[in-house]
Amino acid sequence: MFLRPLLDLFFPPLCHVCRAYLPPGGEEHGLPRPFICHDCLAKIDFLEAPLCTTCGIPFATESGASHTCGACLQHPPFHTCRSAAALDGPVRELIHRFKYRDRPHLSEPLGLLAFPRLEIFLQDFAPECVVPVPLHRKRLRQRGYNQSQLIAEVLARTLGAPQQVGNLCRWRWTEPQTGLDAGDRVTNVRGAFGVRDPENLAGKRVLLVDDVLTTGSTMRACVDALREAEVAAVAAVTVARGLQP
């Protein structure tokens, strides 16, 4: 009870983005603070309604009700998706450090940053288990950790839902999606994922977690594998998503 104020006194918390000193404080939205200053928070483009109620893409207008977009009406997907913020500014910087500069501890502020923006969607979906997008074992050795799994741990803990790690797996090596166009991304990950123990997922409502969504090809490939395992429903969430200019 008294340890946190004492630590703040001798080791003042710093903003994870700009390293500015943060005033002492407790929780935000009933959760531990993500330790991002107000100035940096103001630069984050959080995704809000109106947006597609299926894929979560925000609409250009700032008014009106959320509804299903044309693409989802034409080709209804098996899953729904939401992202907390646009992949820009402080969020892009944090995720880049998290993935490519060996900063696994940034999973906590990223997860705590995303959860309040995804909370209503997550509560409405009521997942029975949380599943991270897996890395191939070669990539896992290179990076040392699966960034999606670390974010999924934060969300699973906050939701009070169990996390399944290692059941959804990446069967084969795929080249990095960065730099590939949308068509090549789909080809690159087609058939790359599978479920080791389908009985552990069959009939369950599954929350699929990744750090970033760009074209959605990786998520769709994972959803295809989960669908073959006969899950009841899939909802996918990411901290951020790339938006077309």
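The values are calculated or read from the model by the stated rules, or taken from the named source; none is laboratory data. Predicted model only: the values in this text are computed from it and were never measured. Don't worry about glycine lacking a Cβ; one is built from the backbone with ideal geometry, like all the others, and counts go over all protein chains shown. These accessible areas exclude ligands, DNA and RNA; they are computed on the full protein's heavy atoms, side chains included. Shrake-Rupley method; radii C 1.70, N 1.55, O 1.52, S 1.80 Å.
Report yes if residue 175 is in a loop (DSSP other than H, G, I, E, B), open to solvent by 30 Å² or more (accessible area, probe 1.4 Å) and at pLDDT 95 or above, otherwise no.
no
Identify the single condition in (1) modelled with pLDDT of 95 or more; (2) within 19 Å of the chain's Cα centre (by Cα) that residue 99 does not satisfy, given that it satisfies every other one.
With respect to (1) modelled with pLDDT of 95 or more; (2) within 19 Å of the chain's Cα centre (by Cα), residue 99 is out only on (1).
Which residues, counting only those in the range 196-215, are open to solvent by 10 Å² or more (accessible area, probe 1.4 Å) and within 20 Å of the chain's Cα centre (by Cα)?
The answer is 204, 205, 210, 212, 213, 214, 215.
Before we move on, is residue 89 of a type outside the set (S, T, N, Q), modelled with pLDDT under 95 and at positive phi?
So residue 89 does not fit the description; no.
Within the set of pairs 6 or more residues apart or between chains, which connect a residue that is closer than 21 Å to residue 78 by Cα and in contact (Cβ under 8 Å) with a residue 24 or more places away in the chain inside the range 42-63 to a residue that is among the small types (Gly, Ala, Ser) and not in a loop (DSSP other than H, G, I, E, B) with Cβ atoms less than 8 Å apart?
55/71; 56/83
Here is a list of conditions, (1) open to solvent by 60 Å² or more (accessible area, probe 1.4 Å); (2) at pLDDT 85 or above; (3) closer than 24 Å to residue 107 by Cα, and residue 47 meets all of them except one; can you say which number that is?
(1)
Among the helices (runs of 4 or more DSSP H) confined wholly to the range 69-142, which include 2 or more residues that are touching a residue at least 12 places away in the same chain (Cβ under 8 Å) and over 17 Å from residue 223 (Cβ atoms)?
It comes to 89-100, 107-125.
Of everything in the range 65-88, what is surrounded by fewer than 16 Cβ atoms within 10 Å (Cβ to Cβ) and either of a type outside the set (Val, Ile, Thr) or within 19 Å of residue 149 (Cα to Cα) (or both)? Give them in sequence order.
65, 66, 67, 70, 71, 73, 74, 75, 76, 78, 88, listed by residue number.
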